[in-house]
Amino acid sequence: MHALVLLCALLAAPFWESKAPADWTADELAEILHRSPWARVATAEGFQREAGVQTLLSSALPMQLAEAESLRRRAMPVDADEFRQYLAQEREKSIILTVNFPDPNQLADGKEAKRMEEECVMKVGRKKYNLKGHFPPTPSDPYLRLVFPRAVTASDKLVQFELYLPGVTPPYRIAEYVVKELVYRGKLEL
């Protein structure tokens, strides 16, 4: 009997598949934004363990729903900024990685911003894709939004983002996403 209950629990759909965003609890909203297949911590490689930097795939439909629900709960406008307009128009052509960026002032240094643009890449298999552009943090949207080409298919195994984040110590970080885990309602969502 216990095995049957365990099997049913394992086969149950995650809350983001079975509930509308307005019905998610605060804990469920935090879970999808921080511990779901579409949210990963970018870590530093090396001898010392460093605090991770939270990332998420904003172009994935479940993350769009979660971000919109988070804004709704804080009574903030959802479609008021340039990033959201871009996302609505270019979602099918782009993968957008959102980075919880600790110090937006670091991007004010032109050299550091250019270095970030040159050194942030997306790896899919053996291919590397350069950054197409970015949206710097703003007072209304305090996240760094990195735009990459949509070059991932369901047959790929892993998407790896190699990041250079000015002002983060150490500045080189890697965020990895397992492609087969990025399925929402039967469709690959990036």
Query - Odd one out for Phe161, checked against (1) in a loop (DSSP other than H, G, I, E, B); (2) of a type in the set (A, V, I, L, M, F, W, C); (3) under 26 Å from Ala51 (Cβ atoms) - result: (1)
Query raised in the report: Restricting attention to region 120-155, which residues are part of a loop (DSSP other than H, G, I, E, B), in contact (Cβ under 8 Å) with a residue 24 or more places away in the chain and within 19 Å of Ser58 (Cβ to Cβ)?
Result: Cys120, Lys132, Pro136, Pro137, Thr138, Ser140, Asp141, Pro142, Tyr143, Arg150, Ala151, Val152
Query raised in the report: So which residues in region 36-68 are at pLDDT 95 or above and of a type in the set (D, E, K, R), if there are any at all?
Result: Arg40
**Report entry** Residue within region 106-118 that is outside any loop (DSSP other than H, G, I, E, B), in contact with a Lys or Arg (Cβ under 8 Å, 6 or more places away or on another chain) and in contact (Cβ under 8 Å) with a residue 24 or more places away in the chain present
**Finding:** no
**Report entry** Residues (loosely packed, with under 15 Cβ neighbours inside 10 Å and either among the acidic types (Asp, Glu) or within 15 Å of the chain's Cα centre (by Cα) (or both)) located in region 161-173
**Finding:** none
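The rows are residues; the columns are (1) surrounded by fewer than 12 Cβ atoms within 10 Å (Cβ to Cβ); (2) farther than 17 Å from Ala68 by Cβ; (3) hydrophobic (A, V, I, L, M, F, W, C).
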position: Leu87; (1), (2), (3): no, no, yes
position: Arg91; (1), (2), (3): no, no, no
position: Ser94; (1), (2), (3): no, yes, no
position: Asn105; (1), (2), (3): yes, yes, no
position: Lys114; (1), (2), (3): yes, yes, no
Report summary line: Of the conditions (1) surrounded by 16 or more Cβ atoms within 10 Å (Cβ to Cβ); (2) hydrophobic (A, V, I, L, M, F, W, C); (3) within 22 Å of Pro62 (Cα to Cα), the single one that Val178 does not satisfy is (1)
Query - Qualifying residue in region 121-134 (condition: surrounded by 13 or more Cβ atoms within 10 Å (Cβ to Cβ) and in contact with a His (Cβ under 9 Å, 6 or more places away or on another chain)) - result: no
**Report entry** Top-ranked residue in region 22-37 [being of a type outside the set (Gly, Ala, Ser) and either assigned to a helix (DSSP H, G or I) or touching a Gly at 6+ places or on another chain (Cβ under 6 Å) (or both); ranked as farthest from Arg185 (Cα to Cα)]
**Finding:** Asp27
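The values are calculated or read from the model by the stated rules, or taken from the named source; none is laboratory data. Note that the structure is a prediction, hence the values are computed from the model and not measured. Neighbour counts run over all protein chains shown; Cβ positions are idealised from the backbone, glycine included.
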